Structures are given as structure tokens and as C-alpha cells.
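Worksheet: the structure to be examined is printed underneath.
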2 protein chains.
Amino acid sequence: MSKAAIMGYGTIGSGVLKVLMMNRELIKRSAGDYIDAKYVLDLKDFPGTPAEKLITHNIDDIVNDPEVDIVVETMGGTNPAYPFVKKCIEAGKSVCTSNKELVEKHGQELLELAKTKNVDFLFEASCGGGIPVIRALNCAYVADEIEEISGILNGTTNFILTKMLKEGAAYADVLREAQDMGIAERNPEADVEGHDPCRKIAILSSVAYGKNVNFESIYTEGITGITPYDMEFAKKRGGAIKLIASFREKEGKYYAMVSPFFVSEDNALCAVNGAYNAIYIKGNAVGSTMLYGSGAGMMETASAVVADVVNAARGTGETKRVVWLPETLKIEGIDEDRRSFMVCVQSDKVAQAKEAFGAAESVELSGGVTGLITKEMSEKDFKAASDKVGIVSRIRVK
Amino acid sequence: MSKAAIMGYGTIGSGVLKVLMMNRELIKRSAGDYIDAKYVLDLKDFPGTPAEKLITHNIDDIVNDPEVDIVVETMGGTNPAYPFVKKCIEAGKSVCTSNKELVEKHGQELLELAKTKNVDFLFEASCGGGIPVIRALNCAYVADEIEEISGILNGTTNFILTKMLKEGAAYADVLREAQDMGIAERNPEADVEGHDPCRKIAILSSVAYGKNVNFESIYTEGITGITPYDMEFAKKRGGAIKLIASFREKEGKYYAMVSPFFVSEDNALCAVNGAYNAIYIKGNAVGSTMLYGSGAGMMETASAVVADVVNAARGTGETKRVVWLPETLKIEGIDEDRRSFMVCVQSDKVAQAKEAFGAAESVELSGGVTGLITKEMSEKDFKAASDKVGIVSRIRVK
């Protein structure tokens, strides 16, 4: 029988306790024995909740209890999450976390530490909520060279973009609505500027390629600059604009980017709407695959955390098999990255734009603006041409 | 270092050898050591192929070679696949198979045998080709009560249905085209009558619920009865018709069916086109998730087989954790199963049909036929009403 401790009784932490209790018998069948929570570490007391009798304010209660073999970390941030997690692993306890900041910053080190202590450090819930993408990379796509990971990894922005496209609503209005619904935070920067999906793609590519991918080295652009013209153009072309976090390998070089992209209807990511997430993974044998599900939410994320807890209890040694070396993977600059762009220009500049961008056709949009699709060109050449012509907006084409 | 043997050098077997060779270094990183094929068992000799020097015609060469610790079975059928696999497991070798017939018929017994021999019996490639759905059920969704598994599990029929919908083509014409392209077999019965997806959903539900699901006990209907009116109606309603293999749990009772279903545009399965497969899995914590990818194809399926080989070489003990008891899961009859139906009737019967089916609206289709959506009703009541009215065709609504 395993005893677990939960550090942080917020949305996800309370979800973890709920799943442990609700699916107790099933978890016994999966894990081979019951797994019960013995402690909940939090600053508050939560009277009247299922955590009431489990609350402790002292991390040492957990660290020094030999009965606790699995610790769940759902505090978020790195302080005190990082020292607490380290202490637990050093005390010989497996740790399962949903904390992307912790994993992005200290994942490599904590993984190594767990290996030396012969325990698990698992983090399925740090990327894509309930979608088992980390486990897919570690256990399923193990016979494939991964050529690309491209994901809709942020539910808040996908909710906003879906509403903007379907209802023709303006960004600021939809953001306000999402904030009122609790889907977007009052300070939405981490989501709308793309920092959240950037951390997630850094974790996924670190796992897929076995080396540290520094999230600061990934070019990141959020959704705040998307214009109604872009949306109108995307709709007329039969597709959608999605915030995509992407990592690609080509001839031994690595390319990464977080940016809004136009995806056409025949791309599986196009149909991923609302707060859902999806991760497209391309391997050199398995070809194109996609994992889809809820990228956030209390129970969905808790499901992934508790799956980690079950695997830790099973003693499957998953952590031992994860290769994540301390060396840093070099990411190429984006200047030479080649693609087409969806460009909006004032209609009196169409001829000049067609020339500069090698565009064959144009589509008239509202408000005296015209949309063009450029030929495939490098980011550098595109920027030079845009500066020369003077454009209204542009979206990269996937 | 592991040595593997491949039994059956057809499309998938040759793909397995190709992946082992092409991704040899990566597989070493994943598995901890090189995995090389030492034998290929086949009746033929395959001169001039990579298998040439590995060919044996005698199963005992494999069984009696202590250096071979992993055997791949890609022969198909159950004879001689079943006795050969049994022999290999009895000799203490792990077996990885892509053979759905073998797994559906003998999976439970072979799994038990592998457990007693402390080796693996893995069958990721038997359902959904390169999609890691078995591993997801065994390793990822382990904290969830699975409420539903519904999949597009047959690429041939999905290719046909996609073409019928998009091009308005007739079933017989598209089937012929698919046969000419090698996507459908000359004898297409197993695909178009739904037997292939039926075996796959039987395997998936056996794994998910831990008991034998007998594929003969699943109500199965193929795609041969779909009319152009059904397709026209589906298109007008904004959706698609998909052959869906479905297994559901509700209040401790189990329901299963393979049948064409209308899925509306907001259903993620609607966008799964061509030869692709997708499996929707709903858990009581994780909510709605979907796994998508190529359901067939040489390299895609081989990727899944070799992933099993890597996991067998890792010695992760995956087989030990799979619960699949010999007792049979009772599946309810379909009579009391409730849903809406998309019905086509001769236009002079619209009033009578509206009355009989509790349908509010109707849509005029070509050729003097009208489409209706019934109220939610039991299969039994629907059949009685259909017999009374006399209908042209009907499609279940998902």
C-alpha cells in the first residue's frame, strides 16, 4: 500500500485528492494496491473540505514520514516548489508534478537526482493537461526519429482564437469575456504573449531529443497582434489561425517557434477548437500522429497527475529510461526559416505587394484591405519586403 | 544486446526490419543497447532484399536459439501464428505482434502464459496501426474509469466514406477505385462489413475493462448499405458519416456496436479523413481525449511493433501490469440502446414519418427523397416505426 502527500491544495491539488478518492478501487486494480493521501501541505487549512484532516503546514512532516513514498507537487512556481521537491526526492520519495515552470527550469537536474535515488520524477501533467504526450514520447514513439512536434498547447488562447474566428469578434472583447468566464487570467500575459506554450514546447522537445531546450532561446510571438483582417482572410481561405508551439529537426539542425499560424482545413490542428489542446507529432516511421484532449481543467490535469502516481507506485522505472542530458540543444535563428505568409495590405498597394512577395492571387477583404499569400520565402527576406511595402498585418502559414 | 526474429516477411514484417535498420542508433538510445534481427521466418527466400541472409524456414531455429530474446509475429491469421507464438513464449522469448486475429482469439491466454514465463506479450500494432492506443490504455489512462472508447479503426472504409462524402461518388465506384489503389482488398468483406474494426474494438475494450470481450457478441453493421441520400443529408446537415466501433460503460452495463454513424462538425472524429484512424477515449476524470494517426501502412504499423520491441528489451514489465481476466464481459443487446436516427423516406411519406419518428423538421433531398432526424428513441422502437412507415435508409446519429 502506497501513501501519498499532496503539496499545494489549489485547483489541481484538490483535483488530485478527488481523483484518488473517487477512483480508489480502479486505482488499486491499476497499481496493484490502494493509494491513499496521508498529507496535504498548504498554508491554509481548508476546513470542511476532504483535505481538512490531512492538512499540514510543515514540509518536514512529509519528508520525515517513511510511510509516504509518493509526493504530488501542484504548488506552481519554483519557490518553494523546487527546494521542497528536491528535499522529497533526496528523502527517497517519488515526485509527480504538474508544474511546467519547475520542469522547464529544473527538470533535468531533478530527473538525474531521482535516478540516483532510484525513485521517479514524473511530469505528465506539465504539458497538455490530460493528454498523455510525455508518456507517448517516453514509451510509445521510442522507435522513431521525431521530426516535428507542433502543438496547440494553450487552452486560453485557443478559446480566444476560436471565438474570434467563429463570431468575428475583436481580440479585446473576447479576452474580456474569457476573463469573466475564468478561462483567461486577469493578468493574461503568460498566455496571450505565448510564454506558457513556449515553456511547454521546451519541455516536450527536451524529452523528445534528450537534451536541454532553453525556453528563452525559442522565438515567441503571442496573439495580441492578430487583426480582424487576418481572421477574415483565414475564414475566406477555409482554415483557422492557431497559436502553435513548434519544434522541428531537419538534417541535424533544430528549429523552434511559438507563433500564430494559419492552418488550412485539411490540417488536423484546424479542427481543435475552444479550450482543447492537441499535439501533432511526426516521426520518420510512424508518420503523422496527433494527441487531443483537454489541456487544462481540474479533473483532466489531475487525471494525468494520478496516472503518474499509479506508475510511480507500480515501480515501472519510467524515470530511469528518460534520457535528458544537461547539455543544451542549439536552436537555429529564424532568419533562414522558410515558409509562406498570409499578408494584409492596403488595397492601393496590391500591385507593389504582389511584386515584392511573389504573390499570384489576392483576396479583397473589408475596410479597403487586401489579402495575399506570399511565395515560400525566408523570414529575413519576408521582413525586408514587408518593411519596403508597408503592410497591415501578417500571419505565418503552416 | 538483444537479438530479434521476425516471423512473416510481408508488408509489416519487412517494415519492421526496415525500421530496426534505419533507426538502429536511436533504438539503441531508447532501449539501452542495439537490437538486431537475427532471423526472418518465411516460406519464401526473398533474394536481393535485406532479409536474404536472415531467412529461415524452420521455426525451431528461432525457438532453440538462446540468443534470440524477442520475436516479432507479423504473419497474420492464427495458424501457424498461434502455435508459433506459443512455442516462442514457452521458450522464454518475448513476443510482439501486429496480428489482431491472434490477439482477439488468444490474447488473454498468451498474456497469461507470458506472465508465468516472465516475458512480454505486446500487441500495440494490432489496433490503430501507429497510434499508441494500447499503451495509452495500459500506461496513461490508468487513473480513470473509462466510460467510452469510440474509434474510426479501419482506414479502408474511412477512405471510401471520405470520398463518397466529398465527391458525391457512389459506394461501388469508390470501392473499385480503392481496390485499384491497393487501399481496399480484392475481397473487401472484412473491411466493408465491419469485421476488422469489430475485432479491434473487442481488443481495446478487453484491455480497458480487463475481461474478455468476444467480438462475435458485438452488433456489427458495415458500410455497404449507405445510400447517396444518406451522404447528401449528412453534407447538408454539416457533418460526415463514419464507420465507428464503439464500446460504452453505463451504470455497470456494457454496450458495444460497430455501425456507420452521422457525426456533426463539432465532433473531433468528423475531421478524420482518408485512410487515417482515430480513437476517442472518455474517462471519468480526463474527459474527452482523442488519439489520431495512420491506422495502417508499412512503416506506421512497423513503428508500433518496434516500439513494443524496444519496451520488451527495456524489460519494463508492461505485460505483468495488464489485467485481462479469462471471464467474459457481458454485452447488453442493442434493443434498448437509445439514440437519434437520420432517416430518409420517400417525400410522400413525410407527414407519416414525422409522426412515427417524432421528427420536427425535414430536409428535401434529391430524387424525391426527404431526410428527417428522429427524436431520441430505442433501437427497438425505431425498428418498429421504420417497418410501419417504410423507409429508404437510415444512419445512426452519434
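None of the figures in this text is laboratory data; all of them are computed from the coordinates on show. Note that the structure is predicted; figures quoted are calculated from it, not measured. Virtual Cβ from ideal backbone geometry, glycine too; neighbours counted across all protein chains shown.
A cut-off under 14 angstrom between Cβ atoms defines the neighbours of B:ASP180, and their net charge, with Lys, Arg +1 and Asp, Glu -1, is 0.
With +1 assigned to the C-beta of every Lys and Arg and -1 to the C-beta of every Asp and Glu, and no other charges, what is the dipole magnitude of chain A about the Cα centre in debye, to the nearest 20?
I would put it at about 460 debye.
Label-point spacing at A:GLU167 relative to the other copies reads 4.0 nm, in ascending order, each point sitting 7 Å out from Cα along Cα→Cβ. Going from the residue with the fewest nearby Cβ atoms within 10 Å to the one with the most, A:PHE233, B:PHE46 rank B:PHE46, A:PHE233.
With its label point defined 7 Å out from Cα along the Cα-to-Cβ axis, B:ASP266 lies at 2.8 nm from the matching points of the other copies, in increasing order. Largest GNM mean-square fluctuation among A:PHE261, A:PHE382, A:PHE123, using chain A with Cα springs under 10 Å: A:PHE382. The relative contact order of the stretch B:134-294 comes to 35 percent, based on Cα pairs under 8 Å that sit 6 or more residues apart. GNM on chain A, alpha-carbon springs under 10 angstrom: the most fluctuating residue among A:LEU122, A:LEU365, A:LEU41 is A:LEU365. Averaged over the residues of peptide B:313-319, the number of Cβ atoms from other protein chains lying within 10 Å of each residue's Cβ is 3. Legend: distances between Cα atoms for A:LYS242/B:LYS163; B:LYS86/B:LYS253; A:LYS242/B:LYS166; B:LYS330/B:LYS383; B:LYS38/B:LYS242; A:LYS235/B:LYS163; pairs beyond 32 Å are B:LYS86/B:LYS253; B:LYS38/B:LYS242.
Summing Lys and Arg as +1 and Asp and Glu as -1 over all other residues whose Cβ lies under 15 Å from the Cβ of B:ILE279 gives a net charge of +2. Here the protein assembly as shown carries DSSP beta bridges of which approximately 65% are antiparallel, counting only pairs with both residues inside.
Only one residue of B:GLY317, B:GLY333, B:GLN346 has its Cα farthest out toward the positive end of the dipole of the stretch B:262-398, where Lys and Arg carry +1 and Asp and Glu -1 on Cβ, and that residue is B:GLY317. Once the mean of 1/r is taken over each pair of separate Cα atoms and inverted, the stretch A:161-313 shows a Kirkwood hydrodynamic radius of 17.1 Å.
The stretch A:208-257 and the stretch A:333-358 have their alpha-carbon centroids 18 Å apart.
Each Lys and Arg contributes +1 and each Asp and Glu -1, all at the Cβ; summed about the Cα centre of the protein assembly as shown, the dipole is approximately 20 debye. For the residues A:SER98, A:SER294, A:SER30, a GNM of chain A with alpha-carbon springs under 10 Å puts the largest fluctuation on A:SER30.
Could you give the dipole magnitude of the stretch A:338-397 about its Cα centre, charging the beta-carbon of Lys and Arg +1 and that of Asp and Glu -1, in debye to the nearest 20?
260
Going by neighbour counts of Cβ atoms within 10 Å, the residues A:ILE70, A:ILE131 line up, fewest first, as A:ILE70, A:ILE131. With contacts taken as Cα pairs under 8 Å and at least 6 residues apart, the stretch A:338-397 reaches a relative contact order of 51 percent. Find how many whole Å separate the alpha carbon centroid of the stretch A:166-204 from the alpha carbon centroid of the stretch A:42-97. Spelled out, the Cα-based centre of one part sits 30 Å from the other. With all pairs of separate Cα atoms included, the stretch B:338-397 yields a Kirkwood hydrodynamic radius of 11.0 Å.
The GluC sites (Glu not before Pro) of the stretch B:57-124 that meet both conditions, a loop assignment by DSSP and at most 13 other Cβ atoms within 10 Å of the site Cβ, are B:GLU67. Working from the Cα coordinates of chain A, the gyration tensor eigenvalues give, after taking √(5λ), semi-axes of 43, 23, 17 Å in decreasing order.
Projecting the Cα atoms of B:LEU41, B:VAL63, B:ALA51 onto the charge dipole of the stretch B:1-64, computed from C-beta unit charges around the Cα centre, puts B:ALA51 farthest toward the positive end.
Rounded to the nearest 5, what % of DSSP beta bridges with both residues in chain B are antiparallel?
65
In terms of other Cβ atoms within 10 Å, A:SER217, B:SER2 run from fewest to most in the order A:SER217, B:SER2. With unit charges on the beta carbon (Lys/Arg positive, Asp/Glu negative), name the residue among B:ILE183, B:THR156, B:VAL207 whose Cα is farthest towards the positive pole of the charge dipole of chain B. Most positive-ward Cα: B:VAL207.
When Lys and Arg each count +1 and Asp and Glu each count -1, what net charge do the other residues less than 12 Å away from A:GLU148, Cβ to Cβ, add up to?
Residues near A:GLU148 contribute 0 overall.
Shape of the protein assembly as shown from the C-alpha gyration tensor: rounded (a/c under 1.5, with a ≥ b ≥ c the square roots of its eigenvalues).
Using C-alpha pairs below 8 Å separated by at least 6 residues, the relative contact order for the stretch A:1-101 is 32 percent.
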